[in-house]
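The values are calculated or read from the model by the stated rules, or taken from the named source; none is laboratory data. Please read all numbers here as calculations on a predicted model, not as lab measurements. Virtual Cβ from ideal backbone geometry, glycine too; neighbours counted across all protein chains shown.
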Amino acid sequence: MVCPVEKSLYVDGQDEEQFAVAGEIEDTSLVTSGDYERFYVVNGKRYAHIVDPRTGMPADRHRSVSIFDQGFRPCGRTSTALFILDVEEGKALLKKFQDGGTDVEAMWIEPDGTQDYTENFLTKISAEGNS
């Protein structure tokens, strides 16, 4: 399992490493929302295809957000929501799911390449971060 930071054949010149995290998962799913594949550039500024409904503008807080879960059905919607929210808001949302018994973890990659994770993300995929 890999968490992409870039499209597999595309590197944007920031870093030659194409994957932020690699690990193993079984009987689970991983969903990523980000601007690493679908984006456009206007006057040198990169815009994601995901629009923040609060502003009507493309979301620009993160480069990508990956959701790891075991049986959590709305993963795609949740990763998109976390892409719009800041990290603390996203962690608070996931905590509500976790408190309800859902086994869900997340990783955020910021535009500068730094990474943030929920408490058990790296442990659950047996990986180390590249922050």
Could you tell me how many of the residues in the stretch 74-102 are among the hydrophobic types (A, V, I, L, M, F, W, C) and exposed (fewer than 13 other Cβ atoms within 10 Å of the Cβ)? 1
Condition (residue is touching a Ser or Thr at 6+ places or on another chain (Cβ under 6 Å) and at pLDDT below 90) applied to the stretch 6-24: is it met by at least one residue? yes
Please go through the stretch 39-73 and give me each residue that is of a type in the set (Asp, Glu) and crowded, with 20+ Cβ neighbours inside 10 Å, ordered by number. Asp69
Could you tell me whether any residue of the stretch 33-52 is closer than 20 Å to Asp103 by Cα and modelled with pLDDT of 85 or more? yes
Show me the strands (runs of 3 or more DSSP E) found entirely inside the stretch 24-111 where at least 1 residues are among the small types (Gly, Ala, Ser). 29-34, 45-48, 64-69, 104-109
